[in-house]
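The structure under discussion appears below in the form of structure tokens.
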Amino acid sequence: MCEKTTNVPALFGKMVFGEQQMQQRLPAAAYQKWQQCLAQGTPLDRTTAGEIANAMKDWAIEKGATHYTHWFQPMTGVTAEKHDSFITRDGKDAVVMELSAKELSKGEADASSFPSGGLRATFEARGYTAWDPTSYAFIKDGCLCIPTAFCSYTGEVLDKKAPLLRSMCCVDQAARRILALFGQATEKVVTTVGAEQEYFLVDKEMWEQRKDLVYTGRTLFGAKVPKGQEMEDHYFGIIKPRVLAFMKELDEELWKLVKAADKICAYIKCIDEKKAGNTEFDRAAESTLEAVNALGLPEAEEFMREFLGGYKLTLDEIKE
């Protein structure tokens, strides 16, 4: 029996409106302004935001989406979404599909429904979502998800994304000062957060019977296991077909959302090891480079062409 093969490069980033899609769909001037926004933190003008919104909407509709949402992370432990349709009346008996610069950039939600720490009065119930252009929009369950930050009417932060963005700015400033001490001038230092590597897979019917898992997401009931016997019978155990099918499906969905950055970082790690004289990374470097090239992403190819050479230089060579 012939099993279905998965074309990973074709799935990679398929449901993400990333740099490749922007470069293909945006006017050159708008694409350059968006890149400048990422690199230097300059604000986007309304015209450029409108061009990005229109290109994003067209791409989402091609993928089957009819709605969009400002996707944010309030202090509830889960994400939140406010869905709106692309449909706009054209003044007659028909409709058109639109996403304006204003709709992309800002949304309004009921902040009184989310934890606020008592920072605002009840009558100041309005909350606002603001588009984060540093995070790629993506499609999930047939809806265009636009990553945003969330704040109250009076400006207090009510989510987990705004503090993350602020901390990234602090890390950027501190890292550039440290690099300057070593004689390396850097315009921007970008931080990345990896995906969780471990998770517990629980049957939904069993999970619904465990109210501690439902309400808290952790085990509260039951006696503790003897010391040294924590789930040892499951460690490196046999993967059941149902679990394996889930993990395969999960892989395919995640491949659509992740970027080529992980493989490029792995290749840079190989370069560092080879510079240190570790020849064991020769084969890993070759295979990782092949994997990056197989993605066929113009952004990855440009990074490898324009910037990779600097990673092969010593500090003295960089100074020269």
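Where a number appears in this text, it was derived from the coordinates with a stated rule and is not lab data. The structure presented is a predicted model; accordingly, all values stated were derived computationally and were not measured. A quick note on method: Cβ atoms are made from the backbone with ideal geometry, for glycine too, and the neighbour counts reach across all protein chains shown.
Within the stretch 33-110, the proportion of Cα pairs with more than 20 Å between them is 45 percent.
What the phi angles of the stretch 247-252 give under the Karplus curve with 6.51, -1.76 and 1.60, with θ = phi - 60°, is a coupling list of 5, 5, 5, 4, 4, 5 Hz, glycine and proline written as x. For the residue pairs 33/92; 14/161; 161/188; 106/263, the C-alpha atoms sit more than 27 angstrom apart in 33/92; 106/263.
Here the calculated FRET efficiency for residue 205 and residue 14, from their Cβ-Cβ distance with R0 = 35 Å, stands at 0.65, rounded to the nearest 0.05. Applying 1/(1 + (r/R0)^6) with R0 = 56 Å to the Cβ-Cβ distance of residue 214 and residue 182 gives a FRET efficiency near 0.65. Reducing the stretch 160-185 and the stretch 2-50 to their Cα centroids gives an inter-centroid distance of 24 Å.
Extension gain, residue 76-residue 269: 0.36 nm per intervening residue step, less the Cα-Cα distance, totals 65.8 nm.
Across all directions, the average projected area of the convex hull around the alpha carbons of the stretch 4-63 is 4.9 nm².
To the nearest 0.05, how large is the calculated FRET efficiency for residue 38 and residue 87 if R₀ is 35 Å and r is the Cβ-Cβ distance? Step by step, r from the Cβ atoms, then E = 0.65.
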